[in-house]
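K.L.:
Could you have a look at this structure, given as C-alpha cells, before my questions?
Computed from the coordinates by the stated procedures, all read-outs in this text should not be read as laboratory data. None of these values were measured; they are calculated from a predicted model. Every residue, glycine as well, gets a Cβ built from its backbone with ideal geometry; the counts of neighbours run over all protein chains shown.
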Protein chains: 4
Amino acid sequence: MDRPYLRMLFRPQVKEPTLITGLPGFGNIGKIVANLLIKFSQAELFAELYSPSFPDIVIVDKGGVCRLPRYEFYAPKSGRNIIILTGDVQPPLDDIPAHYEVCGMVLDLMDEFGCKYIITIGGIPSSQPVKEVYVAATKPEIAVDYMEKGAIIYGGGRIMGASGLLLGLAKRRGMEGACILGSTMGLTADRESAFQVFKFLTKILEPMQEEV
Amino acid sequence: MDRPYLRMLFRPQVKEPTLITGLPGFGNIGKIVANLLIKFSQAELFAELYSPSFPDIVIVDKGGVCRLPRYEFYAPKSGRNIIILTGDVQPPLDDIPAHYEVCGMVLDLMDEFGCKYIITIGGIPSSQPVKEVYVAATKPEIAVDYMEKGAIIYGGGRIMGASGLLLGLAKRRGMEGACILGSTMGLTADRESAFQVFKFLTKILEPMQEEV
Amino acid sequence: MDRPYLRMLFRPQVKEPTLITGLPGFGNIGKIVANLLIKFSQAELFAELYSPSFPDIVIVDKGGVCRLPRYEFYAPKSGRNIIILTGDVQPPLDDIPAHYEVCGMVLDLMDEFGCKYIITIGGIPSSQPVKEVYVAATKPEIAVDYMEKGAIIYGGGRIMGASGLLLGLAKRRGMEGACILGSTMGLTADRESAFQVFKFLTKILEPMQEEV
Amino acid sequence: MDRPYLRMLFRPQVKEPTLITGLPGFGNIGKIVANLLIKFSQAELFAELYSPSFPDIVIVDKGGVCRLPRYEFYAPKSGRNIIILTGDVQPPLDDIPAHYEVCGMVLDLMDEFGCKYIITIGGIPSSQPVKEVYVAATKPEIAVDYMEKGAIIYGGGRIMGASGLLLGLAKRRGMEGACILGSTMGLTADRESAFQVFKFLTKILEPMQEEV
C-alpha cells in the first residue's frame, strides 16, 4: 500500500446526500457525535479508507482481533439522506500533504454520490465550563442561518485539522456547508459538549430532510 | 490538491515590476509592511497560491466565513510598478522541499511578468530595544547602495525562512535584489520596527519608480 | 539508493513457511526472541533489506568494520519450516509511509515463498513486575487457540510499530497470524520477559511443524 | 529546484582521486579539518551541490552578499591527487531519504572521476578531555593499518550523519575507505581535536600519494 486505498462494501441508496464528518480530535467531540448519529439513524458501514499516512499501528478489538486503522463511511438503511464519516485516527500533524490527499479522496467519493453539502463536527478549546456551539461556514447566509438556530459565529480565528480542511477543500470545489464546533475545557472525551452539538445538529438536519 | 496551485483573478498592468514580499515571521514585520504597502498603494488582489504543504487549517473571517490558507499577490491600480506578495502562513519548518517548491512557483510567476528585482522583508531577533534596519543583497553594489540610504549591512550571518530563500533562489535565476530586515525584541507583532522598515522601503522605492 | 532494496544471498529450502519477526522495540523483546530463535534453530542469513528511510548511520562491528543498517532474513539449515526476520533498526516514527513501504516489501518476499502465516513478536509497557505473554490475532480462532496455550488476550487496545503494522498488512493480503507481546516495565533490554515469550513461541511452533 | 542540483565550475585534473569529506557536525571537526586541508593543499572550488532538502536559509558573507547553502567540492591546483568535500550544512535530521539522495549524488560524481577510496572526517562525543583519534573502515585491513598508524579502532558502535552514511553507501558500491573521528567534549567548535585529526590524516595521505 503506497497510496490511500478505498474499499467499497456496498453502494448505499443515497442521492445528493449531506456529508457529516466526525473524526477524532479535541475533546473527541467529532467522533462522539458521529457515533451517536450512526446509532440513532441505524446507519451501516459501506466503505473503508486506508492510508499509508495513518499511524503505523493496528487497532485490536475486545476479542483480540486486529485490523489496520481506517476512515469509515456509513449510510442509514432508510430515512435520512446522509453519509456519515468517522474513523480511528487522523493523519499525523507532521505530514500535511498526506492530510490534503486523504481529504481529497473523501471529497472525490462524495462527488460520485452528487453530494453538495458538508457539515464537519469538531471541538475547540475553552477556558469556561459553559458548553457552547460555534459555527463557521462556506458563505455568510449559512453562518447566519445556523446562528439563528442557536449557534455562535466563530469569527476571526482558525480551525485546525480535518474539520477545517475538509470544509475548506469542499468550498474550493464549489460545495457549501459548515463546521460545527463544541467548546470543551479538556483533552479527554467531553460527552456533555458532544451531546450539545448532537442536539444542534439534529435541529439543522430536520428541515433539510423535510425539504428533500 | 496534490501540488501547489495558482489561481489568477485578473492580469495586472505591470511591466518588469519589482516584487516586494512580506510573509508572516519573526515580529510579523514582513506581513505588517506588506499590508501597509497594499493600503498606501491601493493595491488589488490579482492572484492566490494554495499548497498542500500549507497548514491543514481554514482561516475564518469576522463573519464566520472560512477559506483555505494561501499566499496572495497584489498590484496597485495605478502608479508604482510593483507586485506585493503576502500570505496567511509559511510552509511548516519540517517540510523544506515544500518551501523550495512554493518559492519556485512564486518566482515562475514573476518570470512571466518580466520581474528582475526582488525585495524581501523580514524580522531579525535583537536583544536591544533600538529598532534598526538591516540589509543583505544579491551583489555588493546593492548592499552598499542600501547602506548609504541608512541600512546596516547584515554581514556574516544567515537569514531563515521565506525572506532568505526567495532571495537566494531569485539570485540563482539571475535576478537581483535585497532582503530588508527589521530588528525586533519579541515574538509578538512589532509595529514600531515594521514602520521603520516601511519608511526605509519607501525611500528605496521612490527613485526606482522615477527611473521607470 | 532512492527506494528500499533487497539483496538475496541464497534461496532457502522452505515451502509455505511461517514468518516470525522480531525487530528492535520496547524492551527489545522482539529482537532478543529473534536472536534466540536464530541460535537455537541454527538459521542462516539469506537476504538483506536496505532502505533510504532507515536512520542515516552505519553500524560498526567490534573489529571496526562498518555497514549500512538493514533488515535481515534467516532460515534454518534444516528442521523447522520457518523464516526469521530481524534487523538493526525500524524506520523513524515520523516517516510512516516509509514504514508501510518497507513492511510491504517484507510481505512481497513472503508471497514469493508461499508464506500464509505470520507471527510478530514485540513488547508492551507494563507497570507490574510480573512478566505476562499477550496475544492479538487476525481472527478469533487464533486468539482463542493461543489463549488456551497460556497467553492473555490483548483486547481493546492498539499495537504500535512493525509488530502491529506487519500483522495488519498481512491480514489485508489474506494471510493469517498473531502478534505475541511480552509485558515489560522498562525501556532497557528485558531478557526475562523475552525468554517468557520465547518459551511460549516454542510451544506454538512445535505442533505447527509436526503438522507439516 | 525540486531535486538536488550539481553546478560544475571547471573539471579538475585528477585521476582515481581519494575523496576526503568534512561536513558540519559534532565539534565541527569535519569542517575544520576540510578547511585546513583546502588551505594547505591550495585547493580550488570546482563544483557546487544544491538541494531542496538543505535548510531554507541563505548564507550571508561579511559584505552582506547572500547565497543558498551548498556542498562544495575542491581539488588542489597541483600535488595531491585528492578531492575535498565540505559544505555549509547537512540535510535536516528528519528528512533521511533526502540525506541518502544527496550522498548518492556525491558518490555518482566521484564515480565519474574514478574515485575508489574515501575518507570521511567527523567528531564523536567524549566525556574525557583527552583528544583521541578513532577509526572505522570498510574492511578489517584498513582498520588495522590505521590502528598501526596511531588511531584507536571504533568498535561496536554507530556513526551518525554524513560521515557514516557516505562511507556505508560507498562500501555498498564497492569502494573502500575509512571514517576518522576526533573525540570531543563539547558541541562548540573543537580546534584542538580537529588539529589532532588533521595531523593523523596527513600521515595517512602521505604514503598514498607516494604510491601514485
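K.L.:
Could you please state, rounded to a whole Å, how far the C-alpha centre of segment A:1-32 is from the C-alpha centre of segment C:75-95?
P.N.:
Cα centres, segment A:1-32 to segment C:75-95: 36 Å.
K.L.:
Can you work out ³J(HN,Hα) from phi for every residue in segment B:87-95, in order, using Karplus 6.51 cos²θ - 1.76 cosθ + 1.60 and θ = phi - 60°, giving whole Hz and x for Gly and Pro?
P.N.:
Using θ = phi - 60°, the values come out as x, 7, 8, 10, x, x, 4, 9, 10 Hz.
K.L.:
Using all alpha carbons of segment A:161-212, what is the percent of pairwise distances in each 5 Å bin, ordered from the shortest bin to the longest?
P.N.:
Calculated P(r), rounded to whole percents: 4, 16, 18, 20, 22, 13, 6, 1.
K.L.:
What FRET efficiency would be calculated for the residue pair residue B:94, residue C:16, taking the C-beta separation as r and a Förster radius of 41 Å, to the nearest 0.05?
P.N.:
E(calc), rounded to 0.05, equals 0.40.
K.L.:
Using only atoms on other chains, find how many Cβ atoms lie within 10 Å of each Cβ of peptide A:146-153 and report the average. List each step's numbers first, then the result.
P.N.:
On the way: counts 1, 1, 0, 0, 0, 1, 1, 5.
Mean inter-chain Cβ contacts per residue within 10 Å come to 1.
K.L.:
A further question on this structure: Using R₀ = 25 Å, calculate the FRET efficiency as 1/(1 + (r/R₀)^6) where r is the Cβ-Cβ separation of residue D:112 and residue D:77; round to 0.05. Don't jump to the answer; show the numbers that get you there.
P.N.:
On the way: r = 20 Å, r/R0 = 0.80.
It comes to 0.80.
K.L.:
Next question, about the same structure. If segment A:77-199 were replaced by its equivalent ellipsoid, with semi-axes equal to the square roots of 5 times the Cα gyration tensor eigenvalues, what would those be, largest first, whole Å?
P.N.:
Gyration-tensor ellipsoid for segment A:77-199: 23, 18, 15 Å.
K.L.:
May I ask which residue of B:38, B:93, B:19 lies farthest towards the positive end of the charge dipole of segment B:1-115, with charges of +1 (Lys, Arg) and -1 (Asp, Glu) on Cβ and the Cα centre as origin?
P.N.:
Farthest towards the positive pole: B:38.
K.L.:
Let me ask you something else. Amide H to amide H, which residues 5 or more places from residue B:154 or on other chains are under 5 Å from it, using H placed in the peptide plane?
P.N.:
B:135, B:136
K.L.:
For segment C:58-127, which trypsin sites (Lys or Arg not before Pro) pass both filters: DSSP loop (anything but H, G, I, E, B) and at most 12 other C-beta atoms within 10 Å?
P.N.:
C:62, C:77
K.L.:
How many Cβ atoms of partner chains, on average, are near each residue of D:61-73 if near means within 10 Å of its Cβ?
P.N.:
6
K.L.:
Sticking with this one: Could you go through segment D:126-134 in sequence order and give the Karplus-derived ³J(HN,Hα) for each residue, using 6.51 cos²θ - 1.76 cosθ + 1.60 with θ = phi - 60°, rounded to whole Hz, and x for Gly and Pro?
P.N.:
In residue order, the calculated couplings are 8, 8, 9, x, 5, 8, 10, 10, 10 Hz.
K.L.:
Mind listing the label-point distances from residue A:173 to the same position on all other copies, shortest first, one decimal in nm, points 7 Å along Cα→Cβ?
P.N.:
Listed shortest first, these distances are 3.2, 3.2, 4.5 nm.
K.L.:
Among the listed pairs B:77/B:149; D:77/D:203; B:77/B:131, which are separated by more than 23 Å between their Cα atoms?
P.N.:
B:77/B:149; B:77/B:131, as the Cα separations exceed 23 Å there.
K.L.:
Next question. When Rg is the radius of gyration of the Cα atoms in the protein assembly as shown and Rh is its Kirkwood radius, what does Rg/Rh come to?
P.N.:
Here Rg/Rh amounts to 1.01.
K.L.:
Further question: Indicate, rounded to the nearest 5 percent, the antiparallel portion of the DSSP beta bridges found entirely in segment A:5-211.
P.N.:
In segment A:5-211, approximately 50 percent of DSSP beta bridges are antiparallel ones.
K.L.:
For a quick check: with amide H placed at 1.01 Å from N, whose amide H comes under 5 Å from residue B:70's, ignoring anything fewer than 5 positions away on the same chain?
P.N.:
Placed amide hydrogens put B:88, B:89 under 5 Å from residue B:70.
K.L.:
Follow-up question, since we're still on this one. Each residue of segment A:111-123 in turn: what ³J(HN,Hα) in whole Hz from Karplus with 6.51, -1.76, 1.60 and θ = phi - 60°, glycine and Pro shown as x?
P.N.:
For segment A:111-123, the Karplus curve yields 4, 4, 8, x, 5, 10, 9, 10, 10, 9, 10, x, x Hz.
K.L.:
Give the chain D residue with the shortest beta-carbon distance to the rotation axis relating chain D to chain B, plus that distance as a whole number of Å.
P.N.:
Output: D:94, 4.
K.L.:
A further question follows. Please identify the trypsin sites (Lys or Arg not before Pro) of segment C:1-53 that satisfy two criteria: DSSP loop assignment and at most 16 other Cβ atoms within 10 Å. Which are they?
P.N.:
Answer in residue order: C:15.
K.L.:
Another question, if that's okay. As an exercise, identify the chymotrypsin sites (Phe, Trp or Tyr not before Pro) in segment C:1-102 lying in DSSP coil whose Cβ has no more than 11 other Cβ atoms within 10 Å.
P.N.:
Taking segment C:1-102 and a limit of 11 other Cβ atoms within 10 Å, the loop chymotrypsin sites (Phe, Trp or Tyr not before Pro) found are C:10.
K.L.:
In terms of modelled amide H atoms, which long-range or inter-chain residues lie less than 5 Å from the amide H of residue D:120?
P.N.:
HN-HN under 5 Å from residue D:120: D:21, D:178, D:179, D:180.
K.L.:
When you take every Cα atom in segment C:5-211, what is the radius of gyration, and what is Dmax, the widest Cα pair distance, in Å?
P.N.:
Computed over the Cα atoms of segment C:5-211, radius of gyration and Dmax are 16.1, 49 Å.
K.L.:
What average number of partner chain Cβ atoms lie no more than 10 Å from the Cβ of the residues making up D:173-179?
P.N.:
That average works out to 1.
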